[in-house]
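Trainee: Shown below is the structure under consideration.
The values are calculated or read from the model by the stated rules, or taken from the named source; none is laboratory data. A quick note: this is a predicted structure, and the numbers were derived from the prediction, not measured. Note that each Cβ is placed from the backbone with ideal geometry, even for glycine, and that neighbours are counted across all protein chains shown.
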Amino acid sequence: MVEAEGWKIKAGSSKFTFSKSEAVAMLTTASGYERCVSIVAVTNNPDYLIDVQELIASVDLIKPESISYQAENDSQTNDNTVAPSVIGKWLKTSTSNSNYAINNGLHQYHKMQYEFNPDGTYNFLYRSFSYMPDIYIAKENGTYIIQGNSITITPQKSVFETWSKGTIIDANGKDASLDKLGKLKSSQKRSLEKVTYQFTKQYFSGIDEWSLMLEYNKQTERDGPYNGGSSFPNAWLYGAAKFPIELK
């Protein structure tokens, strides 16, 4: 894998002990054209390093087809009286996978997820895992109303929880932290943000996926920083939740 037009490559590795023998974990990440792909390899046998290197070298980075998008409109008229369906789970994720983060055990992610139900109720989840000693969870539920291409979200209950990390005993007999919930350490109420978003569903042909786009004139505590990029500067893009948040 070599850098190509529009692509940037970051790679890193870290040694660790597994079953009393030295092992190595390697991460190679290519990013470009509003997408990211990673190759992760773990081995405790140096004989396989050549195979891993050949696999990585065999990957060709090319310029993809143009990332085009179109707004979904279920209405057969021009008055937008029928809005796109939002029913289902929608997820956005931010991660930290830089060389420094990987080499220093600082991998982290932040996930936010909406679930819109057919009965007009919704659930919102936030989960944050990092090098900090705790896992942070936010849970919210309430109702939503759609009028044309506006969706008004009215929370009824919102809490922010701090959990310890689950642990296992590693090969050296030491406690190792996992991305699993341990014990609930604290819980506090979160502000109830009633917000009316403008929304559409966008189809990105380059990745063959629909996203739910929510627009509002200022960032909210619930949604965090905008992630729509230069194309959608005041918007959040939530993709289909292929790997939804799990509370365990």
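Trainee: Restricting to segment 194-216, give me the number of residues that are assigned to a loop (DSSP other than H, G, I, E, B) and at pLDDT 95 or above.
Mentor: The first filter runs over segment 194-216 and keeps only residues assigned to a loop (DSSP other than H, G, I, E, B), leaving 194, 205-208, 216.
After this cut, where a residue has to be at pLDDT 95 or above as well, the list is 194, 216.
The qualifying residues number 2.
Trainee: Select from segment 194-217 the residues that are without any contact (Cβ under 8 Å) to a residue 40 or more places away in the chain and closer than 15 Å to T152 by Cα and write down the one among them that is surrounded by the fewest Cβ atoms within 10 Å (Cβ to Cβ).
Mentor: Out of the qualifying residues, it is N217.
Trainee: Let me ask you something else. Which one of these is touching a Pro at 6+ places or on another chain (Cβ under 9 Å) and assigned to a loop (DSSP other than H, G, I, E, B): S231, S191?
Mentor: Numbers: S231 fails: touching a Pro at 6+ places or on another chain (Cβ under 9 Å).
Just one listed residue meets the conditions, S191.
Trainee: Of these, R127, R222, which one is part of a strand (DSSP E or B) and either touching a residue at least 40 places away in the same chain (Cβ under 8 Å) or of a type in the set (G, A, S) (or both)? Steps first, answer last, please.
Mentor: Details: R222 fails: part of a strand (DSSP E or B).
Only one candidate qualifies: R127.
Trainee: Outside any strand (DSSP E or B) and either within 30 Å of Y131 (Cβ to Cβ) or outside the structural domain of S21 (by TED's automatic domain parsing) (or both): is that true of P155 in this structure? If you could, list the steps in order and put the result at the bottom.
Mentor: Working: outside any strand (DSSP E or B): no; either within 30 Å of Y131 (Cβ to Cβ) or outside the structural domain of S21 (by TED's automatic domain parsing) (or both): yes.
So P155 fails the test.
Trainee: Mind listing whichever residues of segment 234-244 are in a loop (DSSP other than H, G, I, E, B) and surrounded by 12 or more Cβ atoms within 10 Å (Cβ to Cβ)? Before you say what the answer is, go through the steps one by one.
Mentor: Going residue by residue through segment 234-244, those that are in a loop (DSSP other than H, G, I, E, B) are 234, 241-244.
Answer for segment 234-244, where residues must be in a loop (DSSP other than H, G, I, E, B) and surrounded by 12 or more Cβ atoms within 10 Å (Cβ to Cβ): N234, A241, P244.
Trainee: Still on this structure: Taking segment 1-45 only, how many residues are in a loop (DSSP other than H, G, I, E, B), at pLDDT 70 or above and either surrounded by 13 or more Cβ atoms within 10 Å (Cβ to Cβ) or in contact with a Cys (Cβ under 8 Å, 6 or more places away or on another chain) (or both)?
Mentor: Number satisfying all stated conditions: 1.
Trainee: Based on this model, can you work out whether K174 counts as assigned by TED's automatic domain parsing to the domain that holds G148 and either among the hydroxyl-bearing types (S, T, Y) or in contact with a strand residue (DSSP E or B) (Cβ under 7 Å, 6 or more places away or on another chain) (or both)? Before the answer, list the steps.
Mentor: Details: assigned by TED's automatic domain parsing to the domain that holds G148: yes; either among the hydroxyl-bearing types (S, T, Y) or in contact with a strand residue (DSSP E or B) (Cβ under 7 Å, 6 or more places away or on another chain) (or both): no.
Against the criterion (assigned by TED's automatic domain parsing to the domain that holds G148 and either among the hydroxyl-bearing types (S, T, Y) or in contact with a strand residue (DSSP E or B) (Cβ under 7 Å, 6 or more places away or on another chain) (or both)), K174 does not qualify.
Trainee: Conditions: (1) out of contact with any Gly (no Cβ under 6 Å at 6 or more places or on another chain); (2) crowded, with 16+ Cβ neighbours inside 10 Å. P155 meets all but one. Number of the miss?
Mentor: Failed condition: (1).
Trainee: While we're here: Being over 19 Å from W90 (Cβ atoms), surrounded by fewer than 15 Cβ atoms within 10 Å (Cβ to Cβ) and of a type in the set (S, T, Y): is that true of S230 here? Show your work before the answer.
Mentor: On the way: over 19 Å from W90 (Cβ atoms): yes; surrounded by fewer than 15 Cβ atoms within 10 Å (Cβ to Cβ): yes; of a type in the set (S, T, Y): yes.
It is true that S230 is over 19 Å from W90 (Cβ atoms), surrounded by fewer than 15 Cβ atoms within 10 Å (Cβ to Cβ) and of a type in the set (S, T, Y).
Trainee: With the structure loaded, tell me whether K180 is in a strand (DSSP E or B), in contact with a strand residue (DSSP E or B) (Cβ under 8 Å, 6 or more places away or on another chain), charged (D, E, K, R) and at pLDDT below 95 or whether it fails that test. Full working, then the answer.
Mentor: Working: in a strand (DSSP E or B): yes; in contact with a strand residue (DSSP E or B) (Cβ under 8 Å, 6 or more places away or on another chain): yes; charged (D, E, K, R): yes; at pLDDT below 95: yes.
Yes, satisfied.
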